[in-house]
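Asker: To start, I am sharing the structure in question, which I have written as structure tokens.
The values are calculated or read from the model by the stated rules, or taken from the named source; none is laboratory data. Quick caveat, the model's predicted, so the values are computed rather than measured. As a convention, Cβ positions derive from the backbone with ideal geometry for all residues, glycine included, and neighbour counts pool all protein chains shown.
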Amino acid sequence: MDASPRVTLLLGSAPDVMRCASWPKHAFAGIVVINNAWRVRPDWDVLVHAGDFPPDRMPRPEPTQRIFSAAHYVPAQNSFGGFVYAGGTMSMTAAYWTVHSRRPDVLAFLGCDMIYDHSGDTHFYGTGRADPLRDDVTLQSLEAKSARLLIHALRRGTLCVNLSNLPRSRLVFPKLSFAEVRDLSAADLAAMKAELAAGIDVKAVDAAETMEREFDYFYEHGMYWNHLDEIDGADLARIDRLWLEAVEGLTAPPLEQCSAAE
């Protein structure tokens, strides 16, 4: 009998992340949390936090829990082409780190829809900063950044899925329920990966990656914000359009008007 797929749960801070509080830990090979999301449930395995995450908000980890920051995720991000092309926000950064370091069969996102135009709290803990909405040349299209992640992860054997039940998302991943992920068989996963791969426009991917190499906006230290005078936003917009074109047959059109946060 085939082994069940290894599913890693990746938690952001959107209000609906609290839906996972009662999900059994044994359904996942691991739980990776971003910034404040360590507060959602106590049995997380890895916390990946931004370099400017306030020290007074850090947890006291149990012996089995680990905490990672820039020294760990910058090299991982670099293996996928660097921050400029991957997108400089923690939902993308933590995802690339997880694919690189943990190599799950499935990376299941919750609380990472980056939709913030509704009334009420913006985060599960109240009102927070909408990081992906900041004026940043690498974040012109969050849909394009998630499309790029979807394709890069698939190449390394990881299927990205979205567990959100919200009507809109900046993530272009397939949407599954917790029950569907929990009951996913190896055969089901293989079929999903094959269907996705068949629907990707390979010519658009090749063109996007050719442009990335040509423009060479790569900064090994990760601090691309110190080189903004070297980065042409129009170049990145052209690349974004190609990543969106690559998944056009798989996804709904990008959201035109909405706010976002990790």
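Asker: Can you name the condition, by its number, that Thr8 falls short on among (1) among the β-branched types (Val, Ile, Thr); (2) under 30 Å from Asn226 (Cβ atoms); (3) crowded, with 17+ Cβ neighbours inside 10 Å?
Answerer: (2) is the only condition that Thr8 fails.
Asker: In the stretch 224-246, how many are closer than 30 Å to Ala197 by Cα and either touching a Cys at 6+ places or on another chain (Cβ under 9 Å) or of a type outside the set (Lys, Arg) (or both)?
Answerer: Adding up the residues that qualify gives 12.
Asker: Test Phe83 against the criterion of being aromatic (Phe, Trp, Tyr) and without any contact (Cβ under 8 Å) to a residue 60 or more places away in the chain, and give yes or no.
Answerer: Here the answer is no, as Phe83 does not meet what is asked.
Asker: On the basis of being farther than 26 Å from Pro15 by Cβ, more than 13 Å from the chain's Cα centre (by Cα), in contact (Cβ under 8 Å) with a residue 60 or more places away in the chain and in a helix (DSSP H, G or I), does Ala194 make the cut?
Answerer: In short, no.
Asker: Let me ask another. Which members of the stretch 20-34 meet the condition of being farther than 26 Å from Leu154 by Cβ and either at pLDDT below 95 or crowded, with 17+ Cβ neighbours inside 10 Å (or both)?
Answerer: Ala21, Ser22 - these are the residues of the stretch 20-34 that are farther than 26 Å from Leu154 by Cβ and either at pLDDT below 95 or crowded, with 17+ Cβ neighbours inside 10 Å (or both).
Asker: Restricting attention to the stretch 152-197, and to residues there that are among the β-branched types (Val, Ile, Thr) and touching a strand residue (DSSP E or B) at 6+ places or on another chain (Cβ under 8 Å), which single residue is nearest to Gly111 (Cα to Cα)?
Answerer: Val161
Asker: Of Arg60, Arg41, which residue is more than 18 Å from the chain's Cα centre (by Cα), buried (at least 17 other Cβ atoms within 10 Å of the Cβ) and part of a loop (DSSP other than H, G, I, E, B)?
Answerer: When all the criteria are applied, what remains is Arg41.
Asker: While we're looking at this one, here's another question. Only residues in the stretch 13-27 that are farther than 11 Å from Ala37 by Cα count as the first member; pair them with residues that are part of a helix (DSSP H, G or I), Cβ under 7 angstrom, at least 6 apart or cross-chain, and list the lot.
Answerer: Final answer for the pair search is Trp23/Phe178; Ala27/Arg182.
Asker: Kindly list the number of the only condition in (1) part of a helix (DSSP H, G or I); (2) surrounded by 13 or more Cβ atoms within 10 Å (Cβ to Cβ) that fails for Arg170.
Answerer: Arg170 satisfies every listed condition except (1).
Asker: In this structure, does Ala147 turn out to be in contact with a strand residue (DSSP E or B) (Cβ under 6 Å, 6 or more places away or on another chain), among the aliphatic types (A, V, I, L, M), outside any loop (DSSP other than H, G, I, E, B) and at pLDDT 95 or above?
Answerer: Here the answer is no, as Ala147 does not meet what is asked.
Table: residues versus (1) assigned to a helix (DSSP H, G or I); (2) at pLDDT below 95; (3) charged (D, E, K, R).
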| position | (1), (2), (3) |
| --- | --- |
| Tyr73 | yes, yes, no |
| Tyr96 | yes, no, no |
| Val99 | yes, no, no |
| Gly120 | no, yes, no |
| Ala153 | yes, no, no |
| Cys160 | no, no, no |
| Ser164 | no, yes, no |
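Asker: Can you confirm whether Glu214 is over 30 Å from Trp23 (Cβ atoms) and charged (D, E, K, R)?
Answerer: yes
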